[in-house]
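First comes the structure, then the notes that go with it.
The values are calculated or read from the model by the stated rules, or taken from the named source; none is laboratory data. Treat the numbers as computed from the prediction; the structure is a model and nothing was measured. Here the Cβ is made from the backbone with ideal geometry for all residues, glycine too, and neighbour counts use every protein chain on show. Surface areas here come from the heavy atoms of the whole protein model, side chains and all, with no ligands, DNA or RNA. Shrake-Rupley method; radii C 1.70, N 1.55, O 1.52, S 1.80 Å.
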Amino acid sequence: MTFTVLRLGYQGDGIAEGPIFAPRTLPGEVIDGEVSGNRIEAPKIITPSTNRVAALCRHYKSCGGCSLQHASNAFVADWKQDVVRTALAAQHIEADLRQTQTSEPRTRRRAVLTGRRTKKDALVGFHARGADTITEVPDCHLLHPDLLAVIPALRALTVFGTTRKGELRFTVTRSEVGVDVAVTGAKPLDGQMLMTLAAMAGEHGLARLTWDNEPIVDIAAPYQMFGTTRVVPPAGAFLQATKEGENALISAVLETVSGAKTVLDLFAGCGTFTLPIAANAEVHAVEGDAAMLKALDQGWRQATGLKRVTTEERDLFRRPLLPDEIKRFDAVVIDPPRAGAVHQIKELADAKPQKIATISCNPVTFAQDAKTLIDAGYEMGRIDVIDQFRWSTHVELAASFTLK
Ligand SMILES: C[S@@+](CC[C@H](N)C(=O)[O-])C[C@H]1O[C@@H](n2cnc3c(N)ncnc32)[C@H](O)[C@@H]1O
């Protein structure tokens, strides 16, 4: 029995009538294969789509890191636009989308890798597709070469820092001065281990090594540039996934807030938007993570030529800023985590600042927020779809709202 793939689901699987889900298939393809439940786990492609391409990466077949390498760039860019369009259409909003801006291969500057001991050595890589095994990815087309270069160090740390049954998680971040490695899930530290780990970090040229939140060694402060400001984020902290994607988001935000004298930056992180905006406007940065805010503040204090930046540690889910607190700002930037920020958006809709720049990695919650703002009297501008997660199903966007 054959099936025709009708569309791609949000997880990237092809969906045929039934619904039957088939990974790594594309709309229009005729497929065959054993159906188990509602899935064809290993579909055979009988009629390929014209959008099908040979995957660039030799690890693609087994690796769980990418899910759309079998589709052309143009197809993926259009599909990500469709995801945004469909989410907005569900709220009866018509979208005006700019062309998708996709980050180049080998530019991912932050990743989470897993390390596991083997009999003789260790494996470090991504979890394989739908399995508990780990796929090594020495020729990964996604990660920046600087991150791939530290894999031998991660292997050595795995051999040293875990038991035969345990796994280590490595958050690796490329900085301006080398790679910052934050390890979790390791054996508890003792004095001897600490010395050995510090020596290993030096040997492998890591900028910084952190062990289950314990700082081991800070050989060079691993800083990032936000505009013209140097910031040293806490180990493992959130950063936009590629520099190119970050620049595209900053441009979109600066375009929205241009002309504002006072800006409120909600979910500010380490200042990705705060500091570039502060070249022209005073900014109040609000964020739930104290260490990130401290990094932002230190960066600002050491910078020259920026307007005043103030920071506030606050849980914006439990205590969103209220209209009276928002009203003194000309413009607001809001970049919540994946869950969105429904309560904060409602307060913004009540406060009615002139301009709101929204960044979202969840088109569904974004569309709900857009409806709230439009119903409150805002006009939505064109939307930038910014793809920092090439070959994955993640969709990220920036949009602007102006009070009519
Ligand atoms: C998508 S990141 C954006 C960070 C920053 N705007 C950037 O571009 O680097 C979301 C941020 O929200 C923060 N966050 C998560 N939950 C929060 C909460 N309940 N209250 C305040 N901040 C929170 C995270 O620490 C993270 O820095």
*Restricting attention to region 169-186, does a residue exist that is of a type in the set (Asp, Glu), free of Cβ contacts under 8 Å to residues at least 40 places away in the same chain and under 30 Å from residue 103 (Cα atoms)?*
no
Taking region 293-308 and the residues there that are more than 14 Å from the ligand (Cβ to nearest atom) and among the small types (Gly, Ala, Ser), the one that is most open to solvent (accessible area, probe 1.4 Å) would be 305
Only unsatisfied item for residue 395, checking (1) closer than 19 Å to residue 273 by Cβ; (2) within 15 Å of the ligand (Cβ to nearest atom), is (1)
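Which of the residues belonging to region 258-268 are within 23 Å of the chain's Cα centre (by Cα) and not charged (D, E, K, R)? Please lay out each step first, then the result.
The first filter runs over region 258-268 and keeps only residues within 23 Å of the chain's Cα centre (by Cα), leaving 264-268.
If the condition is that a residue be within 23 Å of the chain's Cα centre (by Cα) and not charged (D, E, K, R), then 264, 266, 267, 268 are the ones that fit.
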For strands (runs of 3 or more DSSP E) lying entirely in region 126-236, having 3 or more residues that are surrounded by 23 or more Cβ atoms within 10 Å (Cβ to Cβ) picks out 167-175, 178-184, 208-211
Filtering region 362-395 down to residues that are open to solvent by less than 40 Å² (accessible area, probe 1.4 Å) and part of a strand (DSSP E or B) yields 378, 380, 383, 384, 385, 386, 387
>> Quick check on region 241-259. Is at least one of its residues over 21 Å from residue 103 (Cβ atoms), open to solvent by 10 Å² or more (accessible area, probe 1.4 Å) and not β-branched (Val, Ile, Thr)?
In response: yes
Residue pairs within 6 Å by beta carbon, gap of at least six or interchain, first lying in region 247-268 and under 22 Å from residue 293 (Cα atoms), second within 13 Å of the ligand (Cβ to nearest atom) and among the aromatic types (Phe, Trp, Tyr), listed first then second, are 253/273; 265/273
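Residue-by-condition table, conditions (1) within 24 Å of residue 370 (Cβ to Cβ); (2) more than 8 Å from the ligand (Cβ to nearest atom); (3) of a type in the set (Val, Ile, Thr); (4) not in a helix (DSSP H, G or I):
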residue: 244; (1), (2), (3), (4): no, yes, no, no
residue: 249; (1), (2), (3), (4): yes, no, no, no
residue: 259; (1), (2), (3), (4): yes, yes, no, yes
residue: 268; (1), (2), (3), (4): yes, no, no, yes
residue: 291; (1), (2), (3), (4): no, yes, no, no
residue: 310; (1), (2), (3), (4): no, yes, yes, yes
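Within region 277-289, does at least one residue satisfy the condition of being in a loop (DSSP other than H, G, I, E, B) and within 9 Å of the ligand (Cβ to nearest atom)? Talk me through it step by step, then tell me what you get.
Residues of region 277-289 in a loop (DSSP other than H, G, I, E, B): 278-281, 288-289.
Still in the list and also within 9 Å of the ligand (Cβ to nearest atom): 288-289.
Yes, region 277-289 contains a residue that is in a loop (DSSP other than H, G, I, E, B) and within 9 Å of the ligand (Cβ to nearest atom).
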Here the qualifying pairs (Cβ atoms under 7 Å; residues six or more apart or on different chains; first in region 127-141 and touching a residue at least 40 places away in the same chain (Cβ under 8 Å); second assigned to a loop (DSSP other than H, G, I, E, B) and open to solvent by 80 Å² or more (accessible area, probe 1.4 Å)) come out as 139/58; 141/56; 141/106
Would you be able to say whether some residue in region 355-372 is closer than 29 Å to residue 140 by Cα and either over 24 Å from the mean Cα position of the chain (by Cα) or among the acidic types (Asp, Glu) (or both)?
-> no
Listed by first then second residue, the pairs whose first member lies in region 330-356 and is at negative phi and polar (S, T, N, Q), whose partner is within 15 Å of the ligand (Cβ to nearest atom) and not in a strand (DSSP E or B), with beta carbons under 9 Å and at least 6 positions apart or on separate chains, are 344/267; 344/316; 344/317; 344/320; 344/321; 344/336
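Of all residues in region 312-342 being more than 14 Å from the ligand (Cβ to nearest atom) and part of a loop (DSSP other than H, G, I, E, B), which is surrounded by the most Cβ atoms within 10 Å (Cβ to Cβ)? So that I can check it myself, show each step before the final result.
Kept after step one, since they are more than 14 Å from the ligand (Cβ to nearest atom), are these residues of region 312-342: 322-331.
Checking the rest, the ones that are also part of a loop (DSSP other than H, G, I, E, B) come to 322, 327-330.
Values: 322: 12, 327: 11, 328: 11, 329: 24, 330: 16.
Filtering first and then ranking leaves 329.
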Residues of region 20-36 being open to solvent by less than 40 Å² (accessible area, probe 1.4 Å) and polar (S, T, N, Q), in sequence order, are 25
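I need a count of the residues in region 351-361 that are open to solvent by less than 40 Å² (accessible area, probe 1.4 Å) and out of contact with any His (no Cβ under 9 Å at 6 or more places or on another chain).
So the answer is 7.
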